[in-house]
Amino acid sequence: MTPPLPVPPAPDAGAARRDELATGLAAVEERIASACRESGRDRAKLTLVVVTKTYPASDVGLLAGLGVTDVGEARHPEAGRKAEECAAAGLAQLSWHFVGAVQTNKAAAVASYASLVHSVDRRRLVRALDRGAERAERVLDCLVQVDLQPGSDQGAGARSGVAPTVASDLASAVATAAGLRLRGVMGMAPLDEDPAAAFARLAEVAEVVRADHPSAVVLSAGMSGDLEAAVAAGATHLRVGRAVLGERPPLR
Ligand SMILES: *Cc1c(COP(=O)(O)O)cnc(C)c1O
């Protein structure tokens, strides 16, 4: 009989994942630093939101240990559950950004834990978030999501966000809601277009909104594939998932 092989020490899965996340985060920080140099911008004026959707709360904990302060989630109840788990683990200082579509019937729950909702895209949602914020006895920061698909003003392909021409109206609805605070706009570059062109349109909308609402200074743009273009276009918030955490399994 062959003697049993010596059992190798169990690899510390937590430490390995921590190294993976540290490497991803460092690579993203390097890309941001280089984009800031190219466009003469100050890294300190940018908020990196690490989008942790589909990944476990343990990853959020590891990221917090690496200095991440802002995390992004796209779905409720996944987001609420993780925010609760992290708070219970003593990570009460994390800011939770809600970047995905909000169903009206989930709005009150989202309003109870989100620091900033990036994806306000209709009046019914404004009313639902406002009610939720009042019930939670807080004021909720919100961004109007702008649909950057070319042709969205003609009603074509309006998939997520409001058409650029009506962004101002929705922004005013947010600004007048007692429980909400308008902070700016968010957009995603269409996959089949140069992101620089799409973000330039978003920056124009942001300027129009800011003319009416001077405190709406947030420009949320840029993901793993196009954060450089977003920095060049004046983004204040980058929403980066895969480049930090790895490829996600496809969403249902
Ligand atoms: C998932 C998601 C992101 C992050 O995308 P990555 O390609 O993983 O960087 C950013 N914004 C929104 C709205 C998302 O849903």
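We did not get these values from a lab; they are worked out from the coordinates using the rules stated. Please read these numbers as outputs of a predicted model, since none were measured by experiment. Please note: Cβ atoms are built from the backbone with ideal geometry, for glycine as well, and neighbour counts cover all protein chains shown.
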Worksheet entry | Gained length - ARG81 relative to ARG248, 0.36 nm times residue gap less alpha-carbon distance | 58.2 nm
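For ALA22 and THR2, compute 0.36 nm times the residue count separating them, minus their Cα-Cα distance, and round to one decimal in nm.
3.1 nm
For SER95 and ARG123, calculate 0.36 nm times their separation in residues minus their Cα-Cα distance, and state this gained length in nm to one decimal.
On the way: separation 28, 0.36 × 28 = 10.08 nm, distance 2.50 nm.
In short, 7.6 nm is gained.
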Worksheet item: What residues of region 212-235 lie in the reach of a label at GLU38, counting those whose backbone N is under 15 Å from a point 7 Å from the Cα along Cα→Cβ?
Response: 222-235
Worksheet item: In Å, what is the Rg of the alpha-carbon atoms in the chain, and how long is Dmax?
Response: 19.5, 82
Worksheet entry | Cα gyration tensor of region 169-252 - equivalent ellipsoid semi-axes, whole Å, descending | 26, 16, 11
Worksheet entry | Label-point gap, in nm, between SER172 and GLU29 - each point 7 angstrom along Cα→Cβ | 4.4
Item to complete: Enumerate the whole-percent occupancy of each 5 Å bin, from 0 to the last occupied one, for all C-alpha pair distances of region 49-188.
Response: 2, 11, 20, 22, 18, 14, 8, 4, 1, 0
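Mind giving me the FRET efficiency for GLU204 and ARG131? R0 is 35 Å, r the Cβ-Cβ distance, nearest 0.05 is fine.
On the way: r = 32 Å, r/R0 = 0.91.
The value I calculate is 0.65.
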Discussion item. Give the aspartates and glutamates reachable from LYS82 as a straight Cα distance under 19 Å; neighbours fewer than 8 places away on the same chain don't count.
Written reply: ASP59, ASP70, GLU73
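Determine, from the Cβ-Cβ distance of ALA211 and LYS45 and an R0 of 22 Å, the FRET efficiency 1/(1 + (r/R0)^6), rounded to the nearest 0.05.
With R0 = 22 Å, the Cβ-Cβ based efficiency is 0.60.
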Discussion item. Between SER168, SER224, SER215, where does the largest GNM mean-square fluctuation fall for the chain, given springs only between Cα atoms within less than 10 Å?
Written reply: SER215
Practice prompt. Sort ASP169, ASP147 so the one with the fewest other Cβ atoms within 10 Å of its own Cβ comes first.
Written response: ASP169, ASP147
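Highest mean first, what order results for 45-56, 193-204 on Cβ atoms within 10 Å?
Details: 45-56: 19.7, 193-204: 18.1.
Sorting 45-56, 193-204 by mean packing, highest first, produces 45-56, 193-204.
Can you give the % of DSSP beta bridges in the chain that are antiparallel, to the nearest 5?
Details: 0 of 27 bridges.
Antiparallel bridges make up about 0 percent of those DSSP assigns within the chain.
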Fill in: Only Lys, Arg (+1) and Asp, Glu (-1) charged, at Cβ; the chain dipole about Cα centre in debye
660
Worksheet entry | Pairwise centroid distance, computed over Cα atoms, of region 30-91 with region 186-217, Å | 22
Item to complete: Return the sequence-ordered ³J(HN,Hα) values of region 163-170 in whole Hz as given by the Karplus equation 6.51 cos²θ - 1.76 cosθ + 1.60 applied to θ = phi - 60°, using x for Gly and Pro.
Response: 4, x, 5, 10, 4, 4, 4, 5
